[in-house]
1. Do you know which of the residues in the range 282-300 that are without any contact (Cβ under 8 Å) to a residue 40 or more places away in the chain and not in a loop (DSSP other than H, G, I, E, B) is nearest to ASP458 (Cα to Cα)?
2. Only one of (1) of a type outside the set (Lys, Arg); (2) at pLDDT 80 or above; (3) under 25 Å from the mean Cα position of the chain (by Cα) fails for PHE63. Which number is that?
3. Only one of THR303, THR283 is in contact with a Cys (Cβ under 6 Å, 6 or more places away or on another chain) and hydroxyl-bearing (Ser, Thr, Tyr); which?
4. Here is a list of conditions, (1) part of a strand (DSSP E or B); (2) surrounded by 14 or more Cβ atoms within 10 Å (Cβ to Cβ), and LYS137 meets all of them except one; can you say which number that is?
5. So which of ARG413, ARG463 ends up being farther than 30 Å from THR156 by Cβ and either basic (Lys, Arg) or free of Cβ contacts under 8 Å to residues at least 12 places away in the same chain (or both)?
6. For the range 374-392, state whether one or more residues are farther than 30 Å from PHE63 by Cα, small (Gly, Ala, Ser) and either more than 27 Å from the chain's Cα centre (by Cα) or surrounded by 15 or more Cβ atoms within 10 Å (Cβ to Cβ) (or both).
7. Name the residues in the range 166-185 that are outside any helix (DSSP H, G or I) and touching a residue at least 12 places away in the same chain (Cβ under 8 Å), would you?
8. Tally the residues that are out of contact with any strand residue (DSSP E or B) (no Cβ under 8 Å at 6 or more places or on another chain) and touching a residue at least 60 places away in the same chain (Cβ under 8 Å), restricting the search to the range 271-281.
Amino acid sequence: MKRSPWLPAALGLLLLVGLPCAPGQEPASQAAPTSLPTLNYTDVAFGFELEIPAGWNYDRTRFQDFKNSIGLLRGRSADGRRGLKIVVFRSYPMRPFEDWLVVFGRDLAERADVARVEGEPWQLPPRAGAILTYASKAAGVKSRSHHLCVPFDPNTVWVLVYSGNAAGDAEERQLRAEFDRLSATLRVYYTVEDAEQLAGALDRGKALLDKLRAQAERVQLDETEYTYDIALAGKSVGYLRRRISREEYVFSQPDAKRRYAKNGVRVRERSWRFADDGTVRCTRVDLFTSFDLKSELIESRQTQIPAPDVTPQELLVKTNQVLREDDRLFSSFTTSRDRNLPDPGKPISVGPVYLGLAWVRLLPALLLGEPAERHALVIYDDETRALLSHMVQPLGEVKLPGRDEPLYGFEVREGYIAQPSVVYTDRRGNLIRLEAGEVVLARVPKEEAERKYGERRDAARQRFQIKDD
């Protein structure tokens, strides 16, 4: 990338940006009065909430503007004069915030082709960060962009981008007032102590990965297919089938000149859920991660089947596909109703503590008998199409009401979700029960699920000729 001529002067400025305000000093970003109506936006996976403008058009499709970043939200006002983005930068390890800010400011200037980026400290106790802002001009229209940069933890920086037309001083002040109003509503769910625990857990996770790389081909798998009842708020709503096996996966096409295949762990999951209004959801998930941990495939397909009395009788199909080789992860997302989705984002760099999803299903088995210490890894979240931290802590032997045999408990936390899940396994690490808030999965005989849901499933299948092998 071409080096911007403004860089030497800006480096001196940016090194001062991000320092907390002195005791008793007013934060630089005190919100000014504004009539901007807002609505609440919460991202539990990344652990924050924020007020965002109401009545805007929003796109929650994940995107990537910068290396080691994942875009969470894009929005634009109805008149097209205002826009915002929420972006999270995450890497393990990440450079100190002041150093990161220098690089980010340089990238902003070069991308926008501007000569100057201004900076100032920002504070909303207990959080402290920085604001970067610049003015630009395109087709004779002057605009202003404000970037609120807040370090969430030593490995994560959160950025709110708010920009818009700013033809004169009055519009400049109004834009800044709106930006300050939104910035003042930021709430982060976790504490510095949580981040410190995650750092130590990531160190243990890396050690676990090193051990797994050496032993992966010798891991013993129970290749039995198990069935689980799915309950929501105490009410059974469907079932899931899961099978984990050792397989060879062929990545090359049948007509390719050279065959490319690897051995690894394959996970197949098929679920059916039935809503009170007659809607049926069928989900199929296929995961593969090689024994050398370098190659991965993730395929998920969710089919929503309308109730028989709903018009139109049309399926809604959402498909996620992910391919990873070494450090680079490529993903795409399609739906049957939206043919104009954005092109697949840039490839994601997964980093040194990443674990493929097929192996994530086996984590409890890998941690059986380990001390009650947290182990954290980075995983790909299929729902948000983003990288998340995945922390597991063995709880030791536990007893559940109604069960004679002892089980083994594990606390699982993804990102900074407020309430962790609890997983219970048998002595081989096979899932027996999962409690995730109001959602509970409990292993049941296959015949029980067939008796409860087989007829409704088959009726939904026949209406649209759906297969779920």
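The values are calculated or read from the model by the stated rules, or taken from the named source; none is laboratory data. The shown structure was predicted, so the numbers you read here are calculated from the model rather than taken from an experiment. Note that each Cβ is placed from the backbone with ideal geometry, even for glycine, and that neighbours are counted across all protein chains shown.
1. Keep residues of the range 282-300 that are without any contact (Cβ under 8 Å) to a residue 40 or more places away in the chain, which gives 283, 286, 294, 299.
Now restrict to residues that are not in a loop (DSSP other than H, G, I, E, B): 283, 286, 299.
Numbers: THR283: 15, ASP286: 22, GLU299: 23 Å.
Step by step, filter the range 282-300, then rank; the result is THR283.
2. Result: PHE63 fails condition (2) only.
3. Details: THR283 fails: in contact with a Cys (Cβ under 6 Å, 6 or more places away or on another chain).
Result of the check over THR303, THR283: THR303.
4. Condition not satisfied by LYS137: (2).
5. Working: ARG413 fails: farther than 30 Å from THR156 by Cβ.
Sole residue among the options that is farther than 30 Å from THR156 by Cβ and either basic (Lys, Arg) or free of Cβ contacts under 8 Å to residues at least 12 places away in the same chain (or both): ARG463.
6. Going through the range 374-392, the residues farther than 30 Å from PHE63 by Cα turn out to be 374.
Narrowing further to those that are small (Gly, Ala, Ser): none.
Within the range 374-392, not a single residue is farther than 30 Å from PHE63 by Cα, small (Gly, Ala, Ser) and either more than 27 Å from the chain's Cα centre (by Cα) or surrounded by 15 or more Cβ atoms within 10 Å (Cβ to Cβ) (or both).
7. ALA166, ALA167, ALA184, THR185
8. Pass one, the range 271-281, residues out of contact with any strand residue (DSSP E or B) (no Cβ under 8 Å at 6 or more places or on another chain): 276-278.
The next check asks that each one be touching a residue at least 60 places away in the same chain (Cβ under 8 Å); those that pass are none.
Matching residues across the range 271-281 total 0.
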